[in-house]
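*Asks:* First the structure, which I've put down as structure tokens, then a few questions once you've had a look.
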Amino acid sequence: MNIIFRIILFFIIFLTFHQGAGGQSDTDSLELRLELENDPAKRIELLKKISRNEKFRNIDKSLESAQQELDLSVSTGNRQEELKSLNTLGEIFIDKTELKTAMDYAVRANALAEQLEDPSQQLRALYSMGLIYTQLGNYDKSSEMFYESLRLSEQINDEIMKVKALNSIGIVYHNQSNYDKALEFYNKALTNAKEIRYSKGISKGLNNLAAISGIKEDNSKVAQYLSESIILNKELNDMEMLGVNYLNYGYYFQVQEKYDSALYYYNEALMIYEGLDNVASVISTKIFLAEYYLEVGNIEKSKTFAKETLEAGKHYGLKRFVYESAALLNKIYLLQNDSLQAYKYQILELQIKDSLNIEESQTELSKLELQYELDKTEQKNRIAEQRKDMIIIIVVTSLIFVIIIIILMLSRMRIKANSVKLENDKLEMSLELRSKELTANVMSIMKKNNTLWQIARKLKVIQKEAVKDETKIAIRKITKELNKAVEDEQWEEFELRFNQTHSEFYDNLLASFPKLTPQDLRLCAFLRLNMTTKEISELTGQRTSTIEMARTRLRKKLSITNTQTNLITFLTKI
């Protein structure tokens with residue numbers, strides 16, 4: 001399973017930071033031409049190229065150019081370019097994980113594409129909406145968008161988008177642990193990609209099949225699919241995807257403890273990325289090499305690579321790489337018994353971790369807000385449709401009545417509907433505020449507990465190094481009391497606030513499933529708040545594997561036999 005996790009992880013990193021064919025000199029040349037160009041149509045084309053060139057190099061600059069492109073298209077009345085700009089902005093904001101803004105642009109693009117009868121641009125908008133819903137974890141809506149993308153791509157013979165839609169549908173099934181359906185769509189996507197010689201689609205398809213093989217613990221298939229991908233990318237001369245293959249193959253051989261082969265493929269990947277000037281992929285490969293050298297006992301080489309990746313991560317503002325490098329250097333210096341240097345990098349690791357956690361928390365809150373707004377909009381649309389149907393029925397069946405009676409009935413209905421709407425708005429606003437307070441409180445508890453657990457772990461280290469038994473006993477007592485105080489405080493605080501927000505949840509749950517234990521109820525509460533396994537682990541201090549086992553047992557106690565049934569969705573309906 002570890003093999004496939006790293007394979008998928010690196011593939012995502014590659015797609016996120018891939019530099020593209022253009023370079024800084026290309027952008028400089030385009031900007032110079034832009035300054036000298038007065039023709040609006042040509043300026044739009046130049047802005048479009050700058051945005052595309054900088055999307056994977058400087059995303060803020062890409063965003064600025066795309067916004068100028070949109071403004072110029074609107075001011076000159078060029079509706080077709082306005083549509084393309086809306087789609088481009090939606091895609092950029094997806095990369096920035098600003099999903100609410102991304103959805104706004106995608107919806108606007110979809111509406112304008114329908115108005116202009118442009119199925120190609122409508123396909124882009126639908127696919128973006130599918131990606132947004134996938135990130136929100138709303139797999140019903142993401143499947144709906146991807147299936148619509150698939151239908152439209154077949155209708156207009158857009159084979160590349162067809163491959164993307166098939167792969168995305170497979171990923172939705174994959175995320176829901178329906179591996180047989182995921183495998184079906186991965187194979188369809190791979191077959192279509194091979195037919196049109198779409199190299200990135202082929203590589204992604206083979207990586208996805210390798211992932212499924214890893215889940216099924218068939219390591220020979222993992223090697224087979226990676227080997228096929230290498231052969232295909234060599235034939236297509238796709239060096240970027242070949243670098244992905246080499247890095248994944250290197251890690252595969254490292255896990256198999258075939259260290260000479262692992263080092264060969266790591267170095268091959270590094271040469272490719274350095275030749276392509278793909279900064280993030282170079283850094284990621286060097287981190288793999290640092291971990292490799294640490295594993296084979298070459299501490300100095302491991303340290304050299306780790307320091308290089310740390311500085312590069314700082315230079316390019318890639319916090320995730322800074323965090324990984326600092327953690328690695330902390331481990332290296334501990335092995336060398338250099339406590340001062342180890343502590344220095346541990347502090348940096350914790351600082352970056354806090355920064356990443358804050359960014360992730362803000363992203364999660366934004367996702368919750370967007371999901372709430374989308375659900376509310378969908379509910380309003382359903383109510384509007386129901387009301388429309390009702391009015392039609394009333395009109396049809398009420399023709400024999402006096403017009404005055406019809407007016408009175410409609411008036412009463414409107415008054416009642418307005419009253420209900422006002423009441424619902426108040427309830428929704430109150431629930432939203434309490435939910436946000438509870439989420440913020442949970443995040444605060446998680447951060448505080450993490451700090452206290454760090455102190456407890458350090459006390460244990462001091463305890464082991466203490467000479468006197470009285471000192472050891474005193475430290476052990478303090479550690480025990482500290483852990484107990486943390487646990488008692490977190491549960492009392494959490495359960496008090498949770499019951500205030502979801503007052504009937506426990507009662508309804510126990511009424512249907514009376515055999516649930518207090519530990520089961522707490523896990524249900526965490527899941528009801530849409531918390532991930534990682535977040536529950538950080539809050540409770542348990543391992544993620546323990547949480548996963550608890551979730552499996554809970555599904556059995558709740559009599560959930562259908563593997564397609566989402567546990568969080570099930571609890572939300574309680």
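*Asks:* With the structure loaded, tell me whether Leu516 is at pLDDT 75 or above, surrounded by 11 or more Cβ atoms within 10 Å (Cβ to Cβ) and either more than 19 Å from Ile568 (Cα to Cα) or not basic (Lys, Arg) (or both) or whether it fails that test. I'd like the intermediate steps shown before the answer.
*Replies:* Values: at pLDDT 75 or above: yes; surrounded by 11 or more Cβ atoms within 10 Å (Cβ to Cβ): yes; either more than 19 Å from Ile568 (Cα to Cα) or not basic (Lys, Arg) (or both): yes.
Answer is yes for this residue.
*Asks:* What's the number of the only condition in (1) closer than 28 Å to Lys314 by Cα; (2) in contact (Cβ under 8 Å) with a residue 40 or more places away in the chain that Tyr252 fails to meet?
*Replies:* Going through the list (1) closer than 28 Å to Lys314 by Cα; (2) in contact (Cβ under 8 Å) with a residue 40 or more places away in the chain, Tyr252 breaks only (1).
*Asks:* Oh, and also: Any residue at all in the range 36-53 that is under 23 Å from the mean Cα position of the chain (by Cα) and either touching a residue at least 24 places away in the same chain (Cβ under 8 Å) or surrounded by fewer than 18 Cβ atoms within 10 Å (Cβ to Cβ) (or both)? Lay out the reasoning, then the answer.
*Replies:* Let us first name the residues in the range 36-53 that are under 23 Å from the mean Cα position of the chain (by Cα), namely 52.
With the extra rule that they be either touching a residue at least 24 places away in the same chain (Cβ under 8 Å) or surrounded by fewer than 18 Cβ atoms within 10 Å (Cβ to Cβ) (or both), the set shrinks to 52.
Yes, the range 36-53 has at least one match.
*Asks:* Looking at (1) over 22 Å from Glu324 (Cα atoms); (2) touching a Ser or Thr at 6+ places or on another chain (Cβ under 6 Å); (3) buried (at least 21 other Cβ atoms within 10 Å of the Cβ), find the lone condition where Tyr186 falls short.
*Replies:* (2) is the only condition that Tyr186 fails.
*Asks:* Provide a single number: the residues in the range 94-112 that are farther than 15 Å from Leu123 by Cα, in contact (Cβ under 8 Å) with a residue 24 or more places away in the chain and either in a helix (DSSP H, G or I) or β-branched (Val, Ile, Thr) (or both).
*Replies:* Keep residues of the range 94-112 that are farther than 15 Å from Leu123 by Cα, which gives 94-102, 104.
From the residues that got through so far, the ones that are in contact (Cβ under 8 Å) with a residue 24 or more places away in the chain too are 94-100, 102.
Going one step further and asking which of them are either in a helix (DSSP H, G or I) or β-branched (Val, Ile, Thr) (or both), we end up with 94-95, 97, 99-100, 102.
Residues in the range 94-112 being farther than 15 Å from Leu123 by Cα, in contact (Cβ under 8 Å) with a residue 24 or more places away in the chain and either in a helix (DSSP H, G or I) or β-branched (Val, Ile, Thr) (or both): 6 in total.
So that you can scan it fast, the table gives a plain yes or no per residue for (1) buried (at least 23 other Cβ atoms within 10 Å of the Cβ); (2) at pLDDT below 90; (3) in a helix (DSSP H, G or I):
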position: Asn192; (1), (2), (3): no, no, yes
position: Ile202; (1), (2), (3): yes, yes, yes
position: Leu209; (1), (2), (3): yes, yes, yes
position: Gly214; (1), (2), (3): no, yes, yes
position: Val244; (1), (2), (3): yes, yes, yes
position: Leu247; (1), (2), (3): yes, yes, yes
position: Tyr252; (1), (2), (3): yes, yes, yes
position: Ala269; (1), (2), (3): yes, no, yes
position: Glu274; (1), (2), (3): no, yes, yes
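*Asks:* From the set of residues in the range 310-329 that are in contact with a Phe, Trp or Tyr (Cβ under 8 Å, 6 or more places away or on another chain) and within 24 Å of Glu257 (Cα to Cα), which is surrounded by the most Cβ atoms within 10 Å (Cβ to Cβ)?
*Replies:* Per the criteria, the residue is Leu329.
*Asks:* Let me ask another. Considering only the range 52-87, state which residues are among the polar types (S, T, N, Q), under 18 Å from Gln115 (Cβ atoms) and assigned to a helix (DSSP H, G or I).
*Replies:* Scanning the range 52-87 gives Ser73, Gln80, Ser85, Asn87.
*Asks:* So, Asn87, is that one over 21 Å from Gln155 (Cα atoms) and in contact (Cβ under 8 Å) with a residue 12 or more places away in the chain or not? Give the derivation first.
*Replies:* Working: over 21 Å from Gln155 (Cα atoms): no; in contact (Cβ under 8 Å) with a residue 12 or more places away in the chain: yes.
No.
*Asks:* Continuing with this model, one more query. Would you check if Gln564 is more than 30 Å from Gln454 (Cα to Cα) and surrounded by fewer than 16 Cβ atoms within 10 Å (Cβ to Cβ)? Please lay out each step first, then the result.
*Replies:* Numbers: more than 30 Å from Gln454 (Cα to Cα): yes; surrounded by fewer than 16 Cβ atoms within 10 Å (Cβ to Cβ): yes.
In short, yes.
*Asks:* Only residues that are loosely packed, with under 12 Cβ neighbours inside 10 Å, at pLDDT below 75 and hydrophobic (A, V, I, L, M, F, W, C): list them for the range 441-482, please.
*Replies:* Once the filter is applied, which keeps residues that are loosely packed, with under 12 Cβ neighbours inside 10 Å, at pLDDT below 75 and hydrophobic (A, V, I, L, M, F, W, C), the range 441-482 yields only Val467.
*Asks:* Where the second residue is in a helix (DSSP H, G or I) and of a type in the set (Val, Ile, Thr) and the first is touching a residue at least 12 places away in the same chain (Cβ under 8 Å) and closer than 10 Å to Glu240 by Cβ and lies in the range 267-285, which pairs have Cβ atoms under 8 Å and are six or more apart or on separate chains?
*Replies:* Listed pairs, sorted by first residue: Tyr273/Val282; Tyr273/Thr285; Ser281/Ile13.
*Asks:* A follow-up question, please. Quick one: is Ile230 of a type in the set (Val, Ile, Thr), modelled with pLDDT of 90 or more, touching a helix residue (DSSP H, G or I) at 6+ places or on another chain (Cβ under 8 Å) and part of a helix (DSSP H, G or I)? Give the derivation first.
*Replies:* Numbers: of a type in the set (Val, Ile, Thr): yes; modelled with pLDDT of 90 or more: no; touching a helix residue (DSSP H, G or I) at 6+ places or on another chain (Cβ under 8 Å): yes; part of a helix (DSSP H, G or I): yes.
Taking the combined requirement at face value, the residue does not satisfy it.
*Asks:* So which residues in the range 255-303 are within 27 Å of the chain's Cα centre (by Cα) and among the charged types (D, E, K, R)?
*Replies:* Asp277, Lys286, Glu291
*Asks:* On the basis of being closer than 14 Å to Lys303 by Cα and assigned to a helix (DSSP H, G or I), does Ile332 make the cut? Reasoning before the result, please.
*Replies:* On the way: closer than 14 Å to Lys303 by Cα: yes; assigned to a helix (DSSP H, G or I): yes.
Criteria met by Ile332.
*Asks:* Sort through Ala165, Ala182 and tell me the only one that's touching a Leu at 6+ places or on another chain (Cβ under 9 Å) and closer than 24 Å to Ile202 by Cβ. Give the derivation first.
*Replies:* Numbers: Ala182 fails: touching a Leu at 6+ places or on another chain (Cβ under 9 Å).
Unique residue meeting the criteria: Ala165.
*Asks:* When you look at Ser128, is it among the polar types (S, T, N, Q) and at negative phi, yes or no?
*Replies:* Working: among the polar types (S, T, N, Q): yes; at negative phi: yes.
Yes, satisfied.
*Asks:* Please go through the range 116-132 and pick out each residue that is farther than 18 Å from Leu89 by Cβ and assigned to a helix (DSSP H, G or I). Lay out the reasoning, then the answer.
*Replies:* First, pick out the residues of the range 116-132 that are farther than 18 Å from Leu89 by Cβ: 117, 119.
Correct list: Pro119 only.
*Asks:* Suppose the filter is of a type in the set (Ser, Thr, Tyr), part of a helix (DSSP H, G or I) and over 18 Å from the mean Cα position of the chain (by Cα); does Ser168 pass it?
*Replies:* On the way: of a type in the set (Ser, Thr, Tyr): yes; part of a helix (DSSP H, G or I): yes; over 18 Å from the mean Cα position of the chain (by Cα): no.
For Ser168, the condition - of a type in the set (Ser, Thr, Tyr), part of a helix (DSSP H, G or I) and over 18 Å from the mean Cα position of the chain (by Cα) - is not met.
*Asks:* In the range 538-560, which residue that is among the small types (Gly, Ala, Ser) and within 26 Å of the chain's Cα centre (by Cα) is surrounded by the most Cβ atoms within 10 Å (Cβ to Cβ)? Walk me through it before giving the result.
*Replies:* Looking only at the range 538-560, we keep the residues that are among the small types (Gly, Ala, Ser), and these are 541, 545, 550, 559.
This time we only want the ones that are within 26 Å of the chain's Cα centre (by Cα), so: 541, 545, 550.
Details: Gly541: 16, Ser545: 10, Ala550: 18.
That would be Ala550.
The values are calculated or read from the model by the stated rules, or taken from the named source; none is laboratory data. None of the values given here were measured: they were computed from a predicted structure. All Cβ positions, glycine included, derive from the backbone under ideal geometry; neighbour counts span all protein chains shown.
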